[in-house]
Amino acid sequence: MSSQAPTRILSIAHTAVSRAAGRLRYYPLAVRQDIDVHLVVPSIWSEFGRTIVADPPDDPGLNVHVLPIWFRSAGPMNWYLHVYSGLRALINRIEPQVIHLWEEPWSLVALQACMLKGNASLVLEVDQNILKRLPPPFEAIRAYVLRRTDFVLSRSAAAAAVVRAKGYRGPIGEIGYGVDMDTFRPRDEATSDRAGGQELKIGQELKIGYVGRIVVEKGLDDLIDAMTRARSQVSLAIMGHGPHESSLRKRIKECGLEERVKFRTWGPPSEVAEFIRDLDALVLLTRSSGTVVEQFGRVIVEAQSCGVPVLGSTCGAIPEVIGDGGWVVPERDPDALAKVLDMIAADPDCRRARGRSAMQNVSKRFTYDVVADVLAKAWMHPLTKQPAR
């Protein structure tokens, strides 16, 4: 048995304020003997109009440090302006060999960690996939942080291209979002009349669904147009809310689809999973714009983990994430979308095959075990290579 002390890792992640949203991917690392993981999360976080109080730091096998933050709510850039009170003292006490930031390189917390890290290697995890020049001082912060980063984990090929374009020259790895397969699991086929993509009965509608914020960028208007053009019977269930809801409801009424489109509010993950399991296919039809390009689409892997295939647009990382577990249509193309809806409705064998491929896609790429292994390899990589400075 080796007597070598475990490598000390400090991971800073505002997403991990919630156990279900961000901490579960760290759980497989708790049993490893070669690393000692410390996770820093904010005591309170604000996003999309919600205030989230941190879950207690009693996660089994994890060292979770809940710290207060400054600048929690500071205008449209609030996700990137927060810094941690007490981070210097924590770093001095733990003396991490690697600091991992699940934050963008232009954020103030990235600058804070970079200035406090001492001799620790820096691993950065990035989502941003739109190349643009940031206003002062964020462009300068990004350049400073990327020069001192030893390893980058990117959510997509486009995100990797952004950091390359901004001067990063070190190694890059890929990392997806994990999915809780205990929650997002297929329905027992013996108790479901839709399980396994069974052939639709006469008069039964193809049931598709959307989970997420109701904003114009998500392309739900294109879906309504496609439903009016499709020859097959299609119903739509929407879980979520957002500023575009009233306009969307008006559009639905104008198209005479009120009886075929139903809305419901957010629920906990268990209710989201139950909602998804009742679908024949999930849709994510994001439209690209100067400010919005889909970075990943977590609901894709949640649906696929339930055995439900996904119908997505060509926006951003959507095709990369869907893989063989669904269908991809051009953005802003209701005619093409209508044809795919008709095909899905008429071909139960295809739905079954895509549902099986969806589950295989998750098991190979998006389980928490897979994500944890990617994290661990990225953390250890700088310690075996000459650090980039």
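Odds and ends about this structure:
- Given (1) surrounded by fewer than 20 Cβ atoms within 10 Å (Cβ to Cβ); (2) touching a Pro at 6+ places or on another chain (Cβ under 8 Å), number of the condition E139 does not satisfy: (2)
- Residue that is closer than 24 Å to G212 by Cα and without any contact (Cβ under 8 Å) to a residue 12 or more places away in the chain, where the choices are P319, P334, P309, P330: P319
- Considering the conditions (1) more than 23 Å from Q128 (Cα to Cα); (2) at pLDDT 95 or above, I99 is excluded by exactly one of them, (1).
- Reported count of residues in region 358-380, each being crowded, with 16+ Cβ neighbours inside 10 Å and either modelled with pLDDT under 95 or within 20 Å of the chain's Cα centre (by Cα) (or both), is 15.
- Residues satisfying the criterion are present in region 119-127 (criterion: among the acidic types (D, E) and part of a strand (DSSP E or B)).
- Filtered residues of region 300-343 (kept if touching a Gly at 6+ places or on another chain (Cβ under 6 Å) and assigned to a helix (DSSP H, G or I)): Q304, I318, V321, I322
- Scanning region 22-73 for residues that are charged (D, E, K, R) and either closer than 21 Å to I99 by Cβ or not in a loop (DSSP other than H, G, I, E, B) (or both) yields R23, R25, R32, D34, D36, E47, R50, D59.
- Looking across Q128, Q97, one residue alone is within 22 Å of R155 (Cα to Cα), touching a residue at least 40 places away in the same chain (Cβ under 8 Å) and surrounded by fewer than 24 Cβ atoms within 10 Å (Cβ to Cβ). It is Q128.
- In region 171-178 there is at least one residue matching the filter, namely being closer than 30 Å to M359 by Cα, touching a strand residue (DSSP E or B) at 6+ places or on another chain (Cβ under 7 Å), among the β-branched types (V, I, T) and touching a residue at least 60 places away in the same chain (Cβ under 8 Å).
- Meets criteria (over 17 Å from the mean Cα position of the chain (by Cα) and crowded, with 21+ Cβ neighbours inside 10 Å) for G209: yes
- Residue check, R194 at pLDDT below 95, surrounded by 15 or more Cβ atoms within 10 Å (Cβ to Cβ) and under 30 Å from T15 (Cα atoms): no
- Test: residue in region 150-164 that is outside the structural domain of C315 (by TED's automatic domain parsing), in a loop (DSSP other than H, G, I, E, B), of a type outside the set (V, I, T) and over 16 Å from V374 (Cβ atoms): no
- Matching residues, region 226-276, being among the small types (G, A, S) and assigned to a helix (DSSP H, G or I): A226, S246, S247, S270, A273
The values are calculated or read from the model by the stated rules, or taken from the named source; none is laboratory data. Being a predicted model, the structure only gives us computed values, none of them experimental. Note: ideal-geometry Cβ built from the backbone for every residue, glycine included; neighbour counts use all protein chains shown.
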